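The values are calculated or read from the model by the stated rules, or taken from the named source; none is laboratory data. All values reported here derive from a predicted model rather than from experimental measurement. Backbone-built Cβ (ideal geometry, glycine too); neighbour counts: all protein chains shown.
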Amino acid sequence: MKLHSKQKRKIRRKRDLKTIRTSLFHSIILIIIVSSLIITAAGYKYIQNLDYFKIQHINISGHKKYGLEKIVSLSKIQDGTSIFSADLGKISRNLESDPWIYRSVVKRKFPDTIEIAIKEYDPIAVVKLDDYYLIDKNGTIFKKASKKEMYLPKITGLTKKDIAENSKTAQMIDSTLDFIKTMKDKNILKNDLTIVMDKTFGITLLNYKGIIKTNLGFENFSDKLLLLQKINTDLARKGLSAKRISIKSIEKAYITI
């Protein structure tokens with residue numbers, strides 16, 4: 001069936017009207033969205049500039065090495081910063097860039113407070129490699145030791161290659177650190193103590209209780225330490241001093257007077 005020209009024009013007008021209505025609807029929606037974004041952005045900027053939301057307080061926990069002012073300085077939080085615009089990730093990275101801080105958690109507490117929780121390394125000894133470094137109880141070497149930090153017990157006889165490649169050396173380091181912790185817990189740790197690590201002879205103590213050398217081998221350090229205390233007590237009671245003690249096991253010890 002053929003349509004007359006008037007009918008065709010009428011159908012086209014309906015189609016055009018429908019297209020115009022659809023385009024108009026989409027345009028209105030777009031205008032609403034854009035307007036909402038503009039209003040939201042303007043509102044957000046307005047809120048950011050309110051003194052009510054500017055950072056007034058910084059609560060810090062977990063610090064021992066550094067004081068509050070030092071930690072605030074490390075965080076690089078600027079005066080007048082809005083709590084909304086504070087970059088928590090950047091603040092955390094700023095803190096953890098310091099060699100003493102190995103973890104930090106930064107949170108917002110509305111309306112005007114930043115909360116910072118940090119964990120610091122706790123050195124247990126100084127280990128000598130190509131230089132002197134601080135090592136913590138978990139075996140993490142985290143910074144070069146300064147002269148002021150050389151008061152800690154010293155571990156020698158190692159190289160960086162030993163630590164990187166030798167699993168047996170890593171086990172010896174763990175055992176040595178456990179030994180230091182045991183002495184610390186028993187309150188008999190002396191800061192002038194030097195521990196020499198050797199792949200053949202195990203660990204040897206220097207300058208401990210006035211004894212020149214005390215070899216403890218590779219294991220059972222806690223029990224051997226108790227035996228060493230008994231030997232020292234017995235020698236002192238007899239008015240003797242040893243030049244060398246070698247404790248192979250808790251049943252056998254060699255003493256050179």
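Could you count how many residues in segment 77-121 are under 15 Å from K54 (Cα atoms) and not in a helix (DSSP H, G or I)?
20
Going through segment 177-207 one residue at a time, which ones are surrounded by fewer than 14 Cβ atoms within 10 Å (Cβ to Cβ) and either among the polar types (S, T, N, Q) or in contact with a His (Cβ under 7 Å, 6 or more places away or on another chain) (or both)?
Residues satisfying the conditions are N187, N191, T200.
Take segment 226-249 and flag every residue that is outside any helix (DSSP H, G or I) and among the small types (G, A, S).
The answer is G239, S241, A242, S246, S249.
Exactly one condition in (1) part of a loop (DSSP other than H, G, I, E, B); (2) in contact (Cβ under 8 Å) with a residue 12 or more places away in the chain is not met by T200; state its number.
Every listed condition holds for T200 apart from (2).
Condition first: over 22 Å from N138 (Cβ atoms) and at pLDDT below 80. Now tell me which residues in segment 189-209 satisfy that.
Passing the criteria: K190, D192, N207, Y208, K209.
Has segment 146-165 got at least one residue that is in contact with a Lys or Arg (Cβ under 9 Å, 6 or more places away or on another chain), part of a loop (DSSP other than H, G, I, E, B) and closer than 26 Å to G62 by Cα?
Yes, that holds for at least one residue.
Filtering segment 85-101 down to residues that are surrounded by fewer than 17 Cβ atoms within 10 Å (Cβ to Cβ) and not aliphatic (A, V, I, L, M), which residue is farthest from L134 (Cα to Cα)?
Going through the qualifying residues, I end up with S85.
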